[in-house]
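I have a structure I would like to understand better, so I am pasting it below and will then ask my questions one at a time.
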Amino acid sequence: MKRLKFWGWGFEDDVVPQSEIEWMESTWGQRFGVSGFEVTPTPRAEDIRLPAPRLAIPAALTEICTTDHYERVLHSYSKSFPDIIRVYRRECPAPADVVALPRSDNEIAAVLDWCYEMNAAAIPFGGGSSVVGGVVPPSGGEYRGAVSIDMRHFNRVLEIDPVSHCARIQAGTFGPALEAQLKPSGLTLRHFPQSFRCSTLGGWIATRAGGHFATLYTHIDDLVENLRLVTPAGVIESRRLPGSGAGPSPDRMFIGSEGILGIITEAWMRVRPRPSFRATASVRFRDFYRGADAVRMLTQSNLYPTNCRLLDAEEAQYNGLADGTVSVLVVGFESADHPVGEWMKRALEICADHGGSYDPQDPSAEDESHRSGAAGRWRERFMFLPFFKEHMAARNIFRDSYETAITWDRFKDFHADIRAAGLEAIRKATGREGSVTCRFTHVYPDGPAPYLTFHGLSRSAARLLDDYWAVKSAASDAIIAGGGTITHHHAVGREHRPWYDRQRPELFARALGAAKRALDPKGLLNPGVLIDPIGPTASP
Ligand SMILES: Cc1cc2nc3c(=O)[nH]c(=O)nc-3n(C[C@H](O)[C@H](O)[C@H](O)COP(=O)(O)OP(=O)(O)OC[C@H]3O[C@@H](n4cnc5c(N)ncnc54)[C@H](O)[C@@H]3O)c2cc1C
């Protein structure tokens, strides 16, 4: 298996072409009014100094546990921007002591037993693509060490039920391997987060990931039929059912639990035939809010487009879709059963009613339409942009997102406020203008999920982390003040905690804490993620 990068996005052998680096430097150089950037060299694993492991692997676990330096480094960071900054600073404030690579539920149980015996924190690890510090060991508390439990050996589609259109899939299966194993059956999960290449089914379920579908099945939640998870208190497996009214759903309790209640080892997932009919179009709007009105009408029309991504003018330009004067809506339909041209026709009528314009030849019902034209360009750029992040950190540019959801009635003011909060914070922190752009990642009949991307240039590498947090905090404060959610699909992890704590009802946190105590009495599973650790090891 290829090694994941510890210093940024993708695998070790993913190299960004020099021409792209030059494009990035010239785009952002012009934007920030500078002629060049100071560049911090990419760190090598040996540049990251780690203390000796605090735990000695017991004889019974030597086959599945390691203290290999690269593995420890990889498992000590998430892909959040603050973690990338720490990597470039060669700092590792909360290292994993041991990395466990179990191959079965029994081996997971044995690792958890050892953590319990040693009072060590146990951190479930899928692809490590968390952007909120969800896989980073705790830095405080009275833990005698930290064990990262990597699910990479749980990498198979175990069974396919072609009658019910479901598949039993192991939690550590990465996106491409999962789709490759489903392909011969003509079925697909169609869950394509931007991190698809380097993230796993278990991670998607544990974080309530948002994927391919812009409407209807936006989150992984709706694709989960049952779950199996190993907890320190035992194994839990729910029934395979298409639906059930028998009390609160056990699956829903574990979906989004971010590794604090147990380790998901497999799930029956709802899959579907691969689509053979597609229609894709891009629509231009002079005014972003007119585009948003069109999207609202689309979401309330029962058409349920598969793709419905509205990009503001600056974001559309950055993605190579337009010249910076118009917002662009990429809209698409797909089906394995019937042509979707009629759906598209009606969607374009709705867009036209709101001032949208499109090229007559653009809407096409060809199978490959999603790979060509503006939609194809957006798709290509969408998959490539994450590779820039570490190169920006190396040049003292901070680049990250704040993503949320809000009801339509509050959208315009909310969007204006959270965008202004980001821009103002960048100006204040860095002394120069930055950029905050917006797109909708997912949309609902009652509101959109706006995703704002921000860029700013720090005066020095030493200020980068503080500047970043000044902007992220101001934007997060504005989101909570405006009634939005601190995250639509990036999870809570460690980094969204202060705002999640203000968003979730206190009594709910106590109920979640009680559930955690029942399953993880010593509070050793991912302590500090989602809620404070509870149990004898809890820090005050
Ligand atoms: C470039 C990039 C693009 C992204 N795009 C998207 C996107 O489009 N949509 C989206 O939703 N997210 C996105 N993310 C965020 C991230 O990919 C998701 O949160 C993803 O679901 C994490 O999956 P993972 O396998 O990498 O999990 P990890 O990062 O390894 O873990 C995430 C959390 O889940 C827990 N966990 C992992 N596996 C298990 C398990 N088997 N049992 C219990 N707990 C577990 C971990 O302890 C941690 O708290 C993106 C991230 C990056 C870096």
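Considering only region 296-352, state which residues are among the charged types (D, E, K, R) and touching a residue at least 40 places away in the same chain (Cβ under 8 Å). First the steps, then the outcome.
Applying the first criterion (among the charged types (D, E, K, R)) to region 296-352 yields 296, 309, 312, 314-315, 323, 334, 337, 342, 345-346, 349.
Matches in region 296-352: Arg296, Arg309, Asp312, Glu314, Glu315, Glu334, Asp337, Arg346.
If the requirement is being farther than 30 Å from Asp13 by Cα and either modelled with pLDDT under 95 or surrounded by fewer than 19 Cβ atoms within 10 Å (Cβ to Cβ) (or both), which of these qualifies: Glu342, Glu368, Glu380, Glu334?
Going through Glu342, Glu368, Glu380, Glu334 in turn, the sole match is Glu342.
Report, by residue number, each residue of region 102-151 that is under 23 Å from the mean Cα position of the chain (by Cα), part of a loop (DSSP other than H, G, I, E, B) and closer than 22 Å to Ala59 by Cα.
Met151
Turning to a different aspect of this structure: Got a sec? Which strands (runs of 3 or more DSSP E) wholly within region 193-302 have at least 2 residues that are among the aliphatic types (A, V, I, L, M) and more than 16 Å from the ligand (Cβ to nearest atom)?
Of the strands (runs of 3 or more DSSP E) lying wholly inside region 193-302, those with at least 2 residues that are among the aliphatic types (A, V, I, L, M) and more than 16 Å from the ligand (Cβ to nearest atom) span 277-285.
Moving on to the next point. Considering only residues of region 174-188 that are of a type in the set (A, V, I, L, M, F, W, C) and more than 13 Å from the ligand (Cβ to nearest atom), which is surrounded by the most Cβ atoms within 10 Å (Cβ to Cβ)? Talk me through it step by step, then tell me what you get.
Going through region 174-188, the residues of a type in the set (A, V, I, L, M, F, W, C) turn out to be 174, 177-178, 180, 182, 187.
Applying the additional criterion that residues be more than 13 Å from the ligand (Cβ to nearest atom) yields 180, 182, 187.
Numbers: Ala180: 12, Leu182: 21, Leu187: 23.
Out of the qualifying residues, it is Leu187.
Return yes when Ala56 is surrounded by fewer than 17 Cβ atoms within 10 Å (Cβ to Cβ) and either in a loop (DSSP other than H, G, I, E, B) or touching a Pro at 6+ places or on another chain (Cβ under 7 Å) (or both) and no when it is not.
It is true that Ala56 is surrounded by fewer than 17 Cβ atoms within 10 Å (Cβ to Cβ) and either in a loop (DSSP other than H, G, I, E, B) or touching a Pro at 6+ places or on another chain (Cβ under 7 Å) (or both).
Moving on. Restricting to region 122-140, name every residue that is of a type in the set (Gly, Ala, Ser) and surrounded by 20 or more Cβ atoms within 10 Å (Cβ to Cβ).
Scanning region 122-140 gives Ala122, Gly126, Gly127, Gly128, Ser129, Ser130, Gly133, Gly134.
Let me ask you something else. Determine whether Ser80 is crowded, with 18+ Cβ neighbours inside 10 Å, within 14 Å of the ligand (Cβ to nearest atom) and over 23 Å from Arg144 (Cβ atoms).
Judged against the criteria, Ser80 is a match.
Further, regarding this structure: Determine if region 100-121 includes at least one residue that is within 21 Å of Arg72 (Cβ to Cβ), away from the ligand (no atom under 14 Å from the Cβ), surrounded by fewer than 23 Cβ atoms within 10 Å (Cβ to Cβ) and modelled with pLDDT under 95.
no
Please verify whether Arg459 is assigned to a loop (DSSP other than H, G, I, E, B), crowded, with 20+ Cβ neighbours inside 10 Å and either touching a residue at least 24 places away in the same chain (Cβ under 8 Å) or among the basic types (Lys, Arg) (or both), treating the condition exactly as stated.
Here the answer is no, as Arg459 does not meet what is asked.
Modelled with pLDDT of 95 or more and either in a loop (DSSP other than H, G, I, E, B) or over 22 Å from Glu424 (Cβ atoms) (or both): is that true of Gly484 in this structure?
When the stated conditions are applied, Gly484 passes them.
On to the next question. Report the residue count in region 71-101 for those that are part of a helix (DSSP H, G or I), of a type in the set (A, V, I, L, M, F, W, C) and without any contact (Cβ under 8 Å) to a residue 60 or more places away in the chain.
Adding up the residues that qualify gives 0.
For region 351-365, how many residues are at pLDDT 95 or above and surrounded by fewer than 21 Cβ atoms within 10 Å (Cβ to Cβ)?
Result for region 351-365: 5.
If I filter region 22-44 for residues that are among the charged types (D, E, K, R), more than 30 Å from Arg427 (Cβ to Cβ) and either out of contact with any strand residue (DSSP E or B) (no Cβ under 7 Å at 6 or more places or on another chain) or in the same structural domain as Gly431 (by TED's automatic domain parsing) (or both), do I get at least one hit? Let's see the steps before the verdict.
First pass over region 22-44, keeping only residues among the charged types (D, E, K, R): 22, 25, 31, 38, 44.
Among the residues that remain, those that are also more than 30 Å from Arg427 (Cβ to Cβ) are: 44.
With either out of contact with any strand residue (DSSP E or B) (no Cβ under 7 Å at 6 or more places or on another chain) or in the same structural domain as Gly431 (by TED's automatic domain parsing) (or both) added as a condition, the list becomes 44.
Yes, region 22-44 contains at least one residue that is among the charged types (D, E, K, R), more than 30 Å from Arg427 (Cβ to Cβ) and either out of contact with any strand residue (DSSP E or B) (no Cβ under 7 Å at 6 or more places or on another chain) or in the same structural domain as Gly431 (by TED's automatic domain parsing) (or both).
Starting from residues that are assigned to a loop (DSSP other than H, G, I, E, B) and in contact (Cβ under 8 Å) with a residue 24 or more places away in the chain, keep the ones in region 59-70 and report whichever is surrounded by the fewest Cβ atoms within 10 Å (Cβ to Cβ). Quick ask: steps written out before the conclusion?
First, pick out the residues of region 59-70 that are assigned to a loop (DSSP other than H, G, I, E, B): 62-64, 67-68.
Adding the requirement that they be in contact (Cβ under 8 Å) with a residue 24 or more places away in the chain leaves 64, 67-68.
Details: Ile64: 20, Thr67: 16, Asp68: 12.
Only one residue fits best here, namely Asp68.
Tell me which residues, restricted to region 33-46, are surrounded by fewer than 14 Cβ atoms within 10 Å (Cβ to Cβ) and outside any loop (DSSP other than H, G, I, E, B).
Glu46
The values are calculated or read from the model by the stated rules, or taken from the named source; none is laboratory data. Since we're looking at a predicted model, the values are computed, not measured. Using ideal geometry, Cβ is built from the backbone for each residue, glycine included, and neighbour counts are taken over all protein chains shown.
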